[in-house]
Each structure stands twice: as structure tokens, then as C-alpha cells.
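S.K.: Quick one: the structure is below, and I'll ask about it shortly.
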Amino acid sequence: MSDRFDIIVVGGGPSGARAALAASAQGLNVALIDEQSAIGGQVWRAKNASILSAPKTHETRAGDALRRDVLASDITHIEGARVWQIETGWTLHVLRKDVSSELTCKSLVLATGAREYVQPVPGWTTSGVLGLAGATALFKQSLTPPGKRTIVSGTGPLVFFVASEIRRLGGEVAAVVTPNSRRDWMRALPSMLGRPALLMRGAIWVADLMLAGVPIYWQRVVTDVSGDDQVRGVSIAKLDQNWARTSEDIMLAADSLCLGNGLIPNIEAAHMLGVPIRHDHALGGWIPETTEDGGTSIDRLYLCGDGTGIRGAEAAAHQGTLTGLCAAADLGHGTVNLQKQAKAKWLKSARFGMTMTALSIPRVGQAQLTTPETIVCRCENVTRATIEAELNAGAQSSNAIKSGSRAGMGPCGGKFCATAIAQLIAQQSGAPVANIPPATPRPPLRPVPLSIAAGSFDYDALPIPKPAPL
Amino acid sequence: MSDRFDIIVVGGGPSGARAALAASAQGLNVALIDEQSAIGGQVWRAKNASILSAPKTHETRAGDALRRDVLASDITHIEGARVWQIETGWTLHVLRKDVSSELTCKSLVLATGAREYVQPVPGWTTSGVLGLAGATALFKQSLTPPGKRTIVSGTGPLVFFVASEIRRLGGEVAAVVTPNSRRDWMRALPSMLGRPALLMRGAIWVADLMLAGVPIYWQRVVTDVSGDDQVRGVSIAKLDQNWARTSEDIMLAADSLCLGNGLIPNIEAAHMLGVPIRHDHALGGWIPETTEDGGTSIDRLYLCGDGTGIRGAEAAAHQGTLTGLCAAADLGHGTVNLQKQAKAKWLKSARFGMTMTALSIPRVGQAQLTTPETIVCRCENVTRATIEAELNAGAQSSNAIKSGSRAGMGPCGGKFCATAIAQLIAQQSGAPVANIPPATPRPPLRPVPLSIAAGSFDYDALPIPKPAPL
Amino acid sequence: MIRLVPNHALKIVRSAPVVFTFDGQSVEGHAGENLAGALLRAGRLHLRNAPANGGPRGAFCCMGLCQECTVRIDGQVVEACRTEVTQGLAVERAG
Amino acid sequence: MIRLVPNHALKIVRSAPVVFTFDGQSVEGHAGENLAGALLRAGRLHLRNAPANGGPRGAFCCMGLCQECTVRIDGQVVEACRTEVTQGLAVERAG
């Protein structure tokens, strides 16, 4: 086997896997590189090896189907591998088991998915505070609830899914806290009626919580987390329609907190490669410019999935198929008919996904939850006051803040503070956040050990495709 | 086409239709006679022709699948036809569109299903009181709720299904009243865990009612219905564990009432043909004696479905397949393997069905709800006092009561008073109801117009089988 | 509020209306439906008078067994739950 | 009470237990699971000390991005959410 492929897809979630499958089915030699040990991405993350058996859920079934399809295909699935540098042309530097290797391809598809925005509030760095999407990753791989008695707080449907999963895994939900009002949901309802099965799943999550007597605090927000080396209490307050606080805090006891404010696209790799980016609240913030079928302004670079805007897993899968077909067609393989089908399915499911994304669009009051003493950059422990001092000293961009305060310079690469820092700049300058692009990403895209061995891929160590079904 | 068949199946519910399909698949010439215009029985009753389109439900899907299978088969489906007399051998007298014809067959399968027991209480004859199972027949064919504001009362899961259907069809449920306690349901739970999908459906019915604020009166019973020419109010009272009243009545306002106390097998045809009957509370009362695969003490007479004991639709379907295969095998067609499979499926689903049936087994207090002035025989308007006068005069059997008081002699053929009359005899004599068999049924099995024309079947008027799918 | 059971009432499409009479009064039904359903929806529940005391009776078993919903058409007694509505049908209370 | 979401906790079958140490104390995990999950279940949430104020930190993003759950093994800093538990593994608090 060679290290040269027709197409390399980065990211093994629903979008990347479907892109790889579509291109592979057109007869191309495709590699699929993924950080995890199994296909599925964050949304359909596989259970880890410690789980010998467990009841199946909607997510396990969807993930199993995708894993089965990849295993039955001719795709070279390179698992547990991190792409830390990409050279145009394309050469990818891939870290796997402490060895870095180079892989090349004619066309590159990035399906880098999404991460989570968590609004900084006092105490959000306390041990026992998990990201809301992070909690689902934990559940899916470890089937472990985050604590004995958990408060679940966040926007959109995810907050109810997480609360429901905690109950399924035997944990107790102390309360659900959501900035969304019942009216927000009523407004979303018409767009949801076309997907009755998904609507029903959500209704069951909420109804189960209500029947269990779990308080649901609508239009409320977490304002403070207390506890020394672990969460002990969580303060919440009422919000107005702009998500500005309108009431005194009340405190709820809990040993853990899942906290999230919507997903944001992982655009660093595309951004670094020179794809223009633009800001769109309705798609989760900064997104790379793409055509509908995943093409970019850069030759033979394609993007798909939530990394191009948050539209949900189902849309991501259809978009992946479309982009994989398009990439294959550009290499001289494939037909237009399949692309048309995939595009129609994508647009339909994207409508639903964007209705859900809309529930998490930040409103002006949200940024006010951070106090001067609140840590904004977790890696480097930089407070809002320190960042504001830089702003007062003249810094006017994310890049300037980074070099001045070290905020965004830590090992996470600014992934968890960039949005909050942009908010602070916007507040100070009066400019909209759409005018404050994130700092230009630099390699490595992922943390790399100080001394890494250079090597070449040991394909014998990769799982050998077996005939489906598993 | 001839009027002679290898096998005639009477009853187009899940059991009869599956029996016909199984026998037909073995190459036999099978007729399926059913009262309704479409296959499905009471449980999967088809919508009538006035419904041009409506959202699909679990029941419509199950019924459509069965209808499609019958249509794609070689079965002669004789719809809208009532069997009013059967001569051993077998000759069936069948009434269809005011013409009575004779059909003959080598083997006869009766799949006559179930009707409902409604415990007589003061006012139960008021217009606007529907049987609980009757209400489902109404819903399924007409998609019409029984009124504007309905009280739903009864035992087992049916009471929650009916309440849920009323809400689905846009009606209001004033209250649910069930003699079962929460503890009854907790006891049933272990047997239900093996059928998570059915358990979930039931949980959703109850949860929806709770979330809608519909009061659920557990361990309570309807004691009186008031209203002149229509239901205006319904009195209910608390029960003890033996279903004896323990509290004063409270009155609830409503314009309609669905009332039922469990299903009872329709055994009249089998009983009339000489099949021995026995009493089994766990199967809904009086049942004909059959072997597990549907055979009887009478040569080439087979029975299957709820008419042999209340085990629910799914069990009835498997039992139908088993009986159809057995009847075919006795005519020299078929194999043992298929029978084994069907028997295993039947026994599994029968366990679940019998757990549900157990929730409706009458308890000693139930019969006390009838007052001396309460009408027991609806057709002939005979009160309990009149029947008791007959008992005091020496009548000791259902037959004696019938000839003395006319109770059970009306056009319904005693179908809706036989159980209550047996209770009164049991109470008077101190004997268990198992010692008081129903009056021997006489032809006609169904009401026949005074002057009926004798004719022969016009097969051209029957629907012509088309290839599936519909 | 959370409804786990959807309201399907507005999603049901019925056939063209037909008008029949019950005891001389006009009632609207839909072509192809049965009399019991049409009369119930029109709030006409009292379909016959019982023997002896003449008590009001209406649809009860809805399965063609109990004979409580019988009405009179062209002098013949028929079950309303098993009779189809047609334009101009003249239905009389029975019993 | 009516539970629409079943409790699956008792239906999960995990692999054989393995024992590792965290800051010298024994912790039980299951072969094949990641450190973050095993430590969380053992109630050990404080995995590293932040720079500057030494504040206690623990697993946060659970996706291998935020670097909050880093611990020290054989002198190397690794993400607890991406490291597999093995028998006898010696894990130290980082930072």
C-alpha cells in the first residue's frame, strides 16, 4: 500500500465518513483519517472497549450502521490519528501512536465537525463542570453520568438530551436550566413538524423530566459556580428576552454541572489553508466560504459537515455524500444524478438543523455574565480584567490580545476562549462580532509532543476491513 | 368459481386472516368470511370510505400490512358477510346484501374474536355511554371522538388507549377512571419488560394524560350515570382491593362516557357446534376447549384468536398462523417446522397478552354495582329486580332465566347480559360463576331479516385480488 | 405544553358532505361513513326507544352486536353502525 | 412513577476491573476505558493545577481539545480523555 491517495478525508463523523464512502464507491482510492479509534464523530461516538454490552440507543444504532458501511468499503480507515499540519498540494502530517508520518492525496476533504461554546461565568473552571456536548462524549464512550446529582444548563435541544441521558445512565438531574423560553420553542415548532420522529424524541425527554419532578428553569442562566475542588452549588438567574439578567440569583445544590451555549464550527484547518471565512450567527458563528457542494476557492480542497456551519448530524451526513461525490467527479469519476439526490436530502435536513441552531444564537445579555475576575482563557488562566487592560492599552484584534495577554496561546489553541475574547473586543469597540475574526490559526493543529519521531505509516497495524455485517 | 372450499375461515381479524394466509400458502383453496368491508377485525379495523386521508397510526400500519397480504394471496375474501347458521360437515349459511347463500368446506376455522363486558350500573343505558372497545371501533372507522368532553373508565391498558385516542382525535378527556391500582400495574411490570415497545406506548399514553392535567382516578369505579336523553354527569367511588366500594360518590361533568370491564371471547358459534366450554378468568371467562394448535374435539373444526381466550392481537395473529398450518396439514398439506416457529411466537406474545387480560379479571365487589332498578338486559329492558324475582321463584340457570324473564332473549342474543346474569345466579346460589355456563346459543348467530331471499354467491361482486403492494 | 399524543383532528380529510334526515331534521354526514358516526358527530345520540319504558338508547357496542343503535329506514330496522350514509337518506328513530 | 426514559445503569456490562494509581492512591477502572471516565466515576475530578493561581481543573470538553484533563504518566503530559486505563498505571496530577 502506498501513502498516496486520490482523496483523503479528515474527520470520521457522519459527514466525513459519508464523503469517504461516496468517493470510494465511485472507484477512488480514499483514506479516512480520524482521531478516534472508531468511526462516528462526536455525535455517534462509539463505546470504548470497557463496555462489553449495553442497551442500544438511537445513537448507537446510527453509529453502528456507519461503522459497518466503512468496514465493508475499500476505504483505508486510519484511526487514532491526528492531522497536525497540512501542506497545500496535498501533504498531511499525521501523528499516530507518537509517530508522525506524511500522507499525500490529489484532493482533500475536511470534515472537522464542531466544538462547543461555553460562556465564561464565575467558577466555570471548577472541577465537575463539563461542557454540555462534552458530557455527551463522556456518556457515549463511557456510559458514566457526570456525577451523582447534576445540573444541566444550556440552549437548544442538547440540554434536554443531556438531562435525559443522565437519567438513562442512572444519574440524578437536580435541575435543567435553559436560556430559551417556552416561547422560543413554540416559534421553532412549525419547522419541527416535518420531522415528527425527532419532535417526539424531544417531547419524551422533556415529558420524562416533568413526570420525574425535575425542575425546568426556562429563560434562566447559570451565573456562578461555587465549590473548592469540586462543584457544590450553582447560582441561576432569570433572563429577559435579550438574555440580560433580570432577577437575583438563587442557588441550587449539585455536585456537577453540564454547561454549554451551542456548537461552533471547527474552522481552524480550513482557515489556516486560506479559505475565506465569514460570520453567520445562524450557522454557529465563523464559517468557511464554500459552494453548496463543498467546493472552496482553493483547488481540490473541499469542506463538509458541521465544520461549515451547524446543521446537525443528519444534514452533515447528506452533505458529506454530496461533497464526496463532487470531489470524485472533479477527479473524473461519478455522475450528476446522485449529487442531485444528496443535495435535496441535505437541504431538507439542514432546514431542521438550522432551526435547532437558531435556539443557541447568542443574545446581547449573554456576554455580561462574565465578571472582571472571571477566567476567560482557561489554558493560561487569563481573566477578563487582564484582557480588558490589553484592550484599554490599544489592542483591537484577537491576534493582538493573544500576543499581549497570552489569552488564546495555550495548548488548546484558543478554541475555548476565542469567541469570548471577540465578544470583549466587540463590547469595547462597539463593532459587531462579525467584524472581529478569530486569530489566524498556526500549526500545529493539534498538540504535538516536543520530540516526535518521524516515520511512515504502519498499515499492518490498521484494522483489516472485514465483510459486512459485523 | 365454486361454493366449495378446502377451508373456510370465519373472521377477518388478525387471527382469522393469518390462519387463511397460512393455509392458502400451503396451496389450499381458502375462503375468508368477514362481517366488515375490510380485513382487520376490531383491533385493526379499517377506516370507512369517508376518510380520504389521515395520519397513520400503529394500528393503521398493522392493519394495512394484513390487508395487503390478503389481497396479494389466493384467498377468496368474502366481505360484508355474516354467518348466521353452520351445519356440521360443513355448510355455512351466509348473509350478504340481504341474500343468504350456502358455502361448503372440508375444514372450518372459527376466529370469532372478542366482545366486551360492561358491568351494568345505574344509568349505563343512557345515550352517550359507549363500550370502551366499542369506542375504539368508532375511532378506527370514523375518526370521531365520542363527544366534546368524555370520561373514560375501565380496566387494563384499553382505558389509557381510548383516552389517548380521544385526545388524538381532538376530543377532551374529562377524567380517566380505572378500577386498577397503581400497584396492579407495578405487579404487571416484570412481564411487560420483555416488550419494551409496547411498554413505551403505554407509558406515553399515561404520561401525555398526566402532562395535560387529565385526572387519573386509580382504583375507582363508575357507580352512576345521570342525564335524560344524553350523559350529563358520571358518579365515581373509591374501591378496595376486592373492588368493593369504600367511599361516597363524587360526580364529574361530561357529555359522554366510555365504559368497559375487559374483553370476553365470542364462543357462541363453537359452543353451538358442540365444542365443550370451560371457565377461565385468566382468559376472559368462558372459552372453548382446544388443543394448542387450534384443534377441537370435533373433526375438522378449528378455533383460534381471542375467541379461544383473550391474549391480544399479536398472539392472535401467531395463533392464527399456527392453526391455519395445522388445518392445512390435516388435509395433507404442510410441514411441521413452520408450526413450531408459529407456536413459539404465539406462546411468547400470549404471555404478554395474558398479563394484560389479568388486569381485567373481575373481583367480588364488581357485581355489587348493579342496583335492583338497574337494567341488566338492555334489549328487553329487564332489571336486576325482575331477574332476582325469577331466581327466587326457582330459576337456577341462564336458560331458565331467559325463558322466565326474557332477559337474554332480545336481538343481541344475550351477548351483553349473559355475564351479569351468571353473576346474579352465582350470588343467589353461592356457586362460583364457573359452575354457571351461558345459555346454549341457538341460530341465528346474527340477526337475520324476517324474510330473507335464498340465493347463491355473486362472486363477481367481490373485490378482485390485485397484486401487492396496494 | 408538551403533548406526547398529537392532535390529528385538523389533519383528517373527509369526503364530500351529504345531507340526510333524522326524524325529519337535516343532518350532514360524509359520503361513505356510517350513520352511527355521522349522527354522533351531529350530537344526535338518541337513536331508538327501548321496549317497556321507552328509555332513550344510542350506539353502544359499535361492532354490530348489541342492536342498540338500530334505526328505521324505509320501514326496515337496521343497525346505524353498519349502514352507510347517502344523500337524501330518510332515517327514523326506531322502537 | 411513569419513566419515559428507562434506567439502563444496571444493564451495562463492563470489562474486568483493573487497578491503577492516581497521585499514589489506588483507583479501580475497567480495562479498555479512558482515564477521564474512570477517575470521574471514582469521584476524582481534580486532575491538574492551572498555571498562575494553581486552581483545580478537571475534564471539560471530553473531546481531546481543551487540554484541561491532562495528567502526567511516566513524566509525559497526556490527555486523560484520550488515554486508556491499564493495570498498574501510575498517574500523577499535572501542572
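The values are calculated or read from the model by the stated rules, or taken from the named source; none is laboratory data. Just so it is clear, the model here is predicted, and its values are computed rather than measured. A quick note on method: Cβ atoms are made from the backbone with ideal geometry, for glycine too, and the neighbour counts reach across all protein chains shown.
S.K.: Can you pull out every residue in the range B:29-44 that is touching a Phe, Trp or Tyr at 6+ places or on another chain (Cβ under 9 Å) and surrounded by 24 or more Cβ atoms within 10 Å (Cβ to Cβ)? Steps first, answer last, please.
M.R.: Kept after step one, since they are touching a Phe, Trp or Tyr at 6+ places or on another chain (Cβ under 9 Å), are these residues of the range B:29-44: B:29-31.
Selection gives B:Val30, B:Ala31.
S.K.: Further question on the same structure: From the set of residues in the range A:431-440 that are out of contact with any Lys or Arg (no Cβ under 9 Å at 6 or more places or on another chain) and among the aliphatic types (A, V, I, L, M), which is surrounded by the most Cβ atoms within 10 Å (Cβ to Cβ)?
M.R.: This residue is A:Ile436.
S.K.: Could you tell me whether any residue of the range A:295-302 is at pLDDT 95 or above, part of a loop (DSSP other than H, G, I, E, B) and buried (at least 22 other Cβ atoms within 10 Å of the Cβ)?
M.R.: Checked the range A:295-302: no residue is at pLDDT 95 or above, part of a loop (DSSP other than H, G, I, E, B) and buried (at least 22 other Cβ atoms within 10 Å of the Cβ).
S.K.: Next up: Within the range B:164-176, which residues are closer than 26 Å to C:Gly29 by Cβ and in contact with a strand residue (DSSP E or B) (Cβ under 8 Å, 6 or more places away or on another chain)?
M.R.: Scanning the range B:164-176 gives B:Ile166, B:Arg167, B:Gly171, B:Glu172, B:Val173.
S.K.: Residue check, B:Ala111 against (1) surrounded by 24 or more Cβ atoms within 10 Å (Cβ to Cβ); (2) outside the structural domain of B:Gly284 (by TED's automatic domain parsing), all met but one. Which one?
M.R.: Checking B:Ala111 against (1) surrounded by 24 or more Cβ atoms within 10 Å (Cβ to Cβ); (2) outside the structural domain of B:Gly284 (by TED's automatic domain parsing), the one that fails is (2).
S.K.: Would it be correct to say that B:Ser164 is in a strand (DSSP E or B) and either at the interface with chain C (Cβ under 8 Å from one of its Cβ atoms) or modelled with pLDDT of 95 or more (or both)?
M.R.: Here the answer is no, as B:Ser164 does not meet what is asked.
S.K.: May I pose another question? Quick test for you: out of C:Leu35, C:Leu47, pick the one residue that is in contact (Cβ under 8 Å) with a residue 12 or more places away in the chain, more than 9 Å from chain B (Cβ to nearest Cβ) and within 12 Å of the chain's Cα centre (by Cα).
M.R.: C:Leu35
S.K.: Right, next: Give the residue that is surrounded by the fewest Cβ atoms within 10 Å (Cβ to Cβ), with candidates limited to residues of the range A:303-323 that are in a loop (DSSP other than H, G, I, E, B) and among the small types (Gly, Ala, Ser).
M.R.: A:Gly312
S.K.: Against the condition of a type in the set (A, V, I, L, M), surrounded by fewer than 24 Cβ atoms within 10 Å (Cβ to Cβ), within 7 Å of chain D (Cβ to nearest Cβ) and in contact (Cβ under 8 Å) with a residue 24 or more places away in the chain, how does A:Leu169 come out, does it pass? Can you show your working first?
M.R.: On the way: of a type in the set (A, V, I, L, M): yes; surrounded by fewer than 24 Cβ atoms within 10 Å (Cβ to Cβ): yes; within 7 Å of chain D (Cβ to nearest Cβ): yes; in contact (Cβ under 8 Å) with a residue 24 or more places away in the chain: yes.
Criteria met by A:Leu169.
S.K.: Filter the range B:412-430 down to the residues that are surrounded by fewer than 18 Cβ atoms within 10 Å (Cβ to Cβ) and not polar (S, T, N, Q), then identify the one that is farthest from the other protein chains (Cβ to nearest Cβ).
M.R.: B:Gly430
S.K.: Another question about this same structure. Regarding A:Thr371, is this residue buried (at least 17 other Cβ atoms within 10 Å of the Cβ), at pLDDT 90 or above and not charged (D, E, K, R)?
M.R.: Answer is no for this residue.
S.K.: Pairs needed: first member in the range D:1-28, surrounded by fewer than 12 Cβ atoms within 10 Å (Cβ to Cβ); second member anywhere, at pLDDT below 95 and part of a strand (DSSP E or B); C-beta distance under 7 Å; at least 6 residues apart or different chains.
M.R.: Pairs that qualify, where the first residue is surrounded by fewer than 12 Cβ atoms within 10 Å (Cβ to Cβ) and the partner is at pLDDT below 95 and part of a strand (DSSP E or B), are D:Val13/A:Leu52; D:Val13/A:Ser53.
S.K.: Something else now. Given the conditions (1) under 28 Å from B:Leu198 (Cα atoms); (2) assigned by TED's automatic domain parsing to the domain that holds B:Gly414, and given that B:Ile375 satisfies all but one, which numbered condition is not satisfied?
M.R.: Of the numbered conditions (1) under 28 Å from B:Leu198 (Cα atoms); (2) assigned by TED's automatic domain parsing to the domain that holds B:Gly414, the odd one out for B:Ile375 is (1).
S.K.: Right, here's the next one. I'd like to check something: does the range A:37-57 contain any residue that is in a loop (DSSP other than H, G, I, E, B), of a type in the set (D, E, K, R), over 22 Å from A:Thr112 (Cβ atoms) and more than 14 Å from chain D (Cβ to nearest Cβ)? First the steps, then the outcome.
M.R.: Initial filter on the range A:37-57 (in a loop (DSSP other than H, G, I, E, B)): A:37-50, A:54-57.
So of that shortlist, the ones also of a type in the set (D, E, K, R) come out as A:45, A:47, A:56.
With over 22 Å from A:Thr112 (Cβ atoms) added as a condition, the list becomes A:47, A:56.
Of the ones still in play, those that are also more than 14 Å from chain D (Cβ to nearest Cβ) are none.
Among the residues of the range A:37-57, not one is in a loop (DSSP other than H, G, I, E, B), of a type in the set (D, E, K, R), over 22 Å from A:Thr112 (Cβ atoms) and more than 14 Å from chain D (Cβ to nearest Cβ), which makes the answer no.
S.K.: Restricting to the range A:97-129, name every residue that is under 20 Å from A:Ser37 (Cβ atoms) and assigned to a loop (DSSP other than H, G, I, E, B).
M.R.: A:Lys97, A:Asp98, A:Ala111, A:Thr112, A:Gly113
S.K.: A further question follows. Of the residues that make up the range B:179-192, is at least one facing another protein chain (nearest Cβ under 10 Å) and of a type in the set (D, E, K, R)?
M.R.: yes
S.K.: Moving on to the next point. Residues that are of a type in the set (Lys, Arg) and closer than 29 Å to A:Phe161 by Cα: does the range A:10-25 have at least one? Before the answer, list the steps.
M.R.: Initial filter on the range A:10-25 (of a type in the set (Lys, Arg)): A:18.
Now drop any that are not closer than 29 Å to A:Phe161 by Cα, which leaves A:18.
Yes, the range A:10-25 has at least one match.
S.K.: Please state which of the following conditions D:Thr86 fails to meet, knowing it meets all the rest: (1) more than 30 Å from A:Ala203 (Cα to Cα); (2) surrounded by 15 or more Cβ atoms within 10 Å (Cβ to Cβ).
M.R.: Exception for D:Thr86: condition (2).
S.K.: To continue, here is another question. From the list D:Gly64, D:Gly88, D:Gly55, D:Gly95, pick out the single residue that is out of contact with any strand residue (DSSP E or B) (no Cβ under 6 Å at 6 or more places or on another chain) and at pLDDT below 90.
M.R.: Exactly one of D:Gly64, D:Gly88, D:Gly55, D:Gly95 is out of contact with any strand residue (DSSP E or B) (no Cβ under 6 Å at 6 or more places or on another chain) and at pLDDT below 90, namely D:Gly55.
Yes/no per residue for (1) among the small types (Gly, Ala, Ser); (2) crowded, with 24+ Cβ neighbours inside 10 Å; (3) within 18 Å of C:Gly64 (Cβ to Cβ):
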| site | (1), (2), (3) |
| --- | --- |
| B:Arg61 | no, no, no |
| B:Asp69 | no, no, no |
| B:Ile75 | no, yes, no |
| B:Asp98 | no, no, yes |
| B:Leu103 | no, no, no |
| B:Gly134 | yes, yes, yes |
| B:Lys140 | no, no, yes |
| B:Lys148 | no, no, no |
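S.K.: Suppose the filter is more than 21 Å from A:Thr88 (Cβ to Cβ) and assigned to a helix (DSSP H, G or I); does A:Ala282 pass it?
M.R.: yes
S.K.: Also, I was wondering about something else. Taking strands (runs of 3 or more DSSP E) that do not extend beyond the range A:208-268, which have at least 3 residues that are under 24 Å from the mean Cα position of the chain (by Cα) and surrounded by 16 or more Cβ atoms within 10 Å (Cβ to Cβ)?
M.R.: Qualifying strands (runs of 3 or more DSSP E): A:220-226, A:256-260, A:263-265.
S.K.: Checking B:His93 against (1) over 24 Å from B:Asn48 (Cβ atoms); (2) in the same structural domain as B:Asp229 (by TED's automatic domain parsing); (3) not small (Gly, Ala, Ser), only one condition comes out false. Which one?
M.R.: Among (1) over 24 Å from B:Asn48 (Cβ atoms); (2) in the same structural domain as B:Asp229 (by TED's automatic domain parsing); (3) not small (Gly, Ala, Ser), the lone unmet condition for B:His93 is (2).
S.K.: Does the range D:50-64 hold any residues that are within 7 Å of chain A (Cβ to nearest Cβ), among the small types (Gly, Ala, Ser) and surrounded by fewer than 23 Cβ atoms within 10 Å (Cβ to Cβ), and which are they?
M.R.: D:Ala50, D:Ala52, D:Gly55, D:Gly64 - these are the residues of the range D:50-64 that are within 7 Å of chain A (Cβ to nearest Cβ), among the small types (Gly, Ala, Ser) and surrounded by fewer than 23 Cβ atoms within 10 Å (Cβ to Cβ).
S.K.: Still on this structure: With the condition kept exactly as written, say whether any residue in the range B:432-441 is modelled with pLDDT under 90 and farther than 19 Å from B:Gln119 by Cα.
M.R.: Yes; the residues of the range B:432-441 include at least one that is modelled with pLDDT under 90 and farther than 19 Å from B:Gln119 by Cα.
S.K.: Oh, and also: If B:Thr150 meets every condition in (1) part of a helix (DSSP H, G or I); (2) within 14 Å of chain C (Cβ to nearest Cβ) apart from one, which number is that one?
M.R.: Every listed condition holds for B:Thr150 apart from (1).
S.K.: Here is a follow-up. Just one of (1) within 30 Å of B:Gly455 (Cα to Cα); (2) assigned to a strand (DSSP E or B) trips up B:Gly89, so point out which.
M.R.: Evaluating B:Gly89 over (1) within 30 Å of B:Gly455 (Cα to Cα); (2) assigned to a strand (DSSP E or B) leaves (2) as the failure.
S.K.: Condition check: under 15 Å from the mean Cα position of the chain (by Cα), within 8 Å of chain A (Cβ to nearest Cβ) and among the polar types (S, T, N, Q). Does D:Gln67 satisfy that?
M.R.: Against the criterion (under 15 Å from the mean Cα position of the chain (by Cα), within 8 Å of chain A (Cβ to nearest Cβ) and among the polar types (S, T, N, Q)), D:Gln67 qualifies.
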